[in-house]
Amino acid sequence: MDRAKLADFLRRSRERLRPQEVGLDAGPRRRTPGLRREELAQLAGVSADYVMRLEQARSSQPSTQLLGALARALRLTEDERDHLYLLAGHRPPEGPRAGNYVRPALLCLLDRLGDTPAQLITDLGDLLAQNALAEALFGCVCTLEEQDRNITWRWFTNPQVREAYPTEDHDHLSRVRVADLRAAATHRGYDQPATDLIARLEAASEEFATLWNEHEVAIRRSHHVRVVHPTVGPVEFDFEILHTEAADQRLRIFTPPPGSNSIEALEILRAIGPETAHRSHR
């Protein structure tokens, strides 16, 4: 908690807000440039004495509930609200979720990444979209039911999916997927989509149920992966996971290591296209 900067930000935010913007009468004898402390306290549902102590850098750490009330009372933007939370020593609230809706700008970005396999997935692992090179590399899931397009679900329930990876990597990849799902479910507060997916996986896969009970957690941010492609053979990639504007969507970008044979393999896949590259869906 940075008391001095928090105090300064609150005071300046209060002074910038005109009474008319919050439905108050300014009156002819107002000397305060913005809201009075008492007015802010009333709008936020706290005591004027506490607001004064906050602005004088003498308060205890405010709770997230209090910060939310102050942010609403001060009509803060999302960026200003996050700044307020960070100054008070708290993690800002999670941003909005997009679910299965994909913004047109992200679809355009996927198409622009013509030389690099790229996928858009949810934090739970649902594959939302991928570019042509990613489809040529991993196969198409467009004919599958929506509930079956989850990467973790397919890994633990479809043996064909594992054929695309070296056998010696299977145990590690299983643990990575379960640990990442654990992190996402916890971040979501075990909401309905997360608990439904976990229940399906536990019922369908003994391996998943065993790993889930070990309670390992690790967010996938970057990774090295080897793929055994039916047309071009073994290829390897480093991939980065980039966060999008939505809190529940991730962009995965696969890049071949410099100087590796994977660069040539990608050129072949781009030339022949996804329909020729895969003889079966994986």
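We did not get these values from a lab; they are worked out from the coordinates using the rules stated. Bear in mind the structure is a predicted one, so any value in this text is a computation, not a measurement. With ideal geometry, Cβ positions are generated from the backbone for all residues, glycine too; neighbour counts draw on all protein chains shown.
Of note:
- Using alpha carbons only: equivalent-ellipsoid semi-axes of the chain, gyration tensor based, whole Å: 50, 21, 16
- Relative contact order of segment 3-87, pairs being alpha-carbon contacts under 8 Å that are 6 or more residues apart, as %: 35 percent
- Net length available on complete extension from residue 204 to residue 221 is 3.4 nm, with 0.36 nm assigned per residue and the Cα-Cα distance removed.
- Residues whose placed amide H lies under 5 Å from that of residue 128, excluding near-sequence neighbours: 120, 121, 122
- Alpha-carbon geometry of segment 83-167: the Rg and the Dmax are 16.6, 50 Å, given in that order.
- Take every Cα pair under 8 Å whose residues are at least 6 apart in sequence, average their separation, divide by the length of the chain, and the relative contact order is 18 percent.
- For peptides 108-115, 47-54, sequence by mean Cβ density within 10 Å, most packed first: 47-54, 108-115
- Here is how the number arises for the chain: DSSP H runs of 4 or more residues each give -39500 (n - 2.57), the sum is divided by the residue count, and the result at 222 nm is -14000 deg cm²/dmol.
- Projection of the Cα convex hull of segment 55-125, averaged over all directions and equal to a quarter of that hull's surface, yields 7.4 nm².
- For residue 8 and residue 168, the difference between the fully extended length at 0.36 nm per residue and the C-alpha to C-alpha distance is 51.9 nm.
- Local net charge near residue 247, Cβ-Cβ under 13 Å (Lys/Arg +1, Asp/Glu -1): -3
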